[in-house]
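S.K.: Pasting in a structure now, in structure tokens, and then I'll have a few things to ask.
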Amino acid sequence: MRILIVEDEFNLADAIKSRLEKEKYEVDISSDGEEGLYNALSNIYDLIILDVMLPITNGFEILKEIKKNNIESKVIMLTAKSELDDKLNGLNGGADDYITKPFHMDELIARVNIQLRKEYSKNSEDLICVFDIELNLRTYVLKCTTTNETIEISGKEFMILEYLMQNKNIVISKDQIYDKIWGLDNEIESNNLEAYLSFLRKKLNVIGSKVSIKAVRGLGYKLEDINEKAKK
């Protein structure tokens, strides 16, 4: 999962980034409101940690634009202000959570984890289930439900499969995958993505899954159930 930190205090932003990366998140930093708004509107982030007091454009204005443009990212407001009115302003504006400085890093990480696991809260094991595969977001184990075979995946392979599973039967373009997995400033070559997809296909085959990562010429990729396709 990818997180954007919009924070002008470099040392704080860097510390948050380092801790989140230890939690296996992909993290980008924007150091002012203008850049933060531009990146937030890309809609490639699962969560945005948004400071209120920012150069150029403040956090409340960014939050307003995020909601106006129907950006799906979760938002945690981060500020030195602790007055009730400021908290209400952020929460009423659509923020998912609000934490004030100074804070303990473990508390921020806990709140991030809560927000990013909410969509999977119906399943205590944090599973994404698509067709005949289950992806465990905590253990990084991929399981085929028909064979009960499992395999561990990690890194970019995990992120790509998670993204495809979140958008089953939807064609995801190469550019969308590049932006989501490698970030807006990616400079990867196209064959790198093909290599990761090849590895994933082999691992799906190893566990006996009938899920296929289909390349749609000129458009991108999507997950398909081979059994369902055969019935048509």
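S.K.: Projected onto the charge dipole of the chain (+1 at Lys/Arg Cβ, -1 at Asp/Glu Cβ, origin at the Cα centre), which of 99, 204, 56 gives the Cα projection farthest towards the positive end?
M.R.: 204
S.K.: Based on Cβ point charges of +1 for Lys and Arg and -1 for Asp and Glu, what charge dipole magnitude is obtained for the chain about its Cα centre, in debye rounded to the nearest 20? Mind showing how you got there, number by number?
M.R.: Numbers: 32 positive and 41 negative charges, 280 e Å.
Roughly 1340 debye, rounded to the nearest 20.
S.K.: Can you pull the percent of segment 30-77's accessible area that's carbon plus sulfur, 1.4 Å probe, other chains left in place?
M.R.: Details: 960 of 2120 Å².
Here carbon and sulfur together make up 45 percent of the probe-accessible area.
S.K.: For each pair in 22/156; 156/203; 74/203; 180/214, compute the distance between the two Cα atoms and list the pairs where it is over 21 Å. Please list the in-between numbers first.
M.R.: On the way: 22/156 15 Å; 156/203 14 Å; 74/203 31 Å; 180/214 19 Å.
The pairs that break the limit, which is 21 Å between Cα atoms, are 74/203.
S.K.: Still on this model: To the nearest 20 Debye, how big is the dipole of segment 1-111 about its Cα centre, given +1 on the beta carbon of each Lys and Arg and -1 on that of each Asp and Glu? Intermediate results must be reported in sequence, preceding the final value.
M.R.: Values: 13 positive and 23 negative charges, 61 e Å.
Charge dipole of segment 1-111: 300 debye, to the nearest 20.
S.K.: Could you tell me how many degrees, from 0 to 90 and to the nearest 10, lie between the Cα long axis of helix 59-68 and the main elongation axis, the longest principal axis, of the Cα atoms of the chain?
M.R.: 40 degrees
S.K.: Say R0 is 25 Å: what FRET efficiency, to the nearest 0.05, do residue 10 and residue 151 get from their beta-carbon distance?
M.R.: Numbers: r = 40 Å, r/R0 = 1.59.
Efficiency, from the Cβ-Cβ distance: 0.05.
S.K.: If you don't mind, there's one more thing I want to ask. Using a Förster distance of 35 angstrom, determine the FRET efficiency expected from the C-beta separation of residue 104 and residue 61, and round it to 0.05. Could you put the intermediate results ahead of the total?
M.R.: Working: r = 28 Å, r/R0 = 0.80.
It comes out at approximately 0.80.
The values are calculated or read from the model by the stated rules, or taken from the named source; none is laboratory data. Not measured: the values here are computed from a predicted model. Neighbour counts run over all protein chains shown; Cβ positions are idealised from the backbone, glycine included. What goes into the accessible areas is simple: the full protein's heavy atoms, side chains included, and nothing from ligands, DNA or RNA. Shrake-Rupley method; radii C 1.70, N 1.55, O 1.52, S 1.80 Å.
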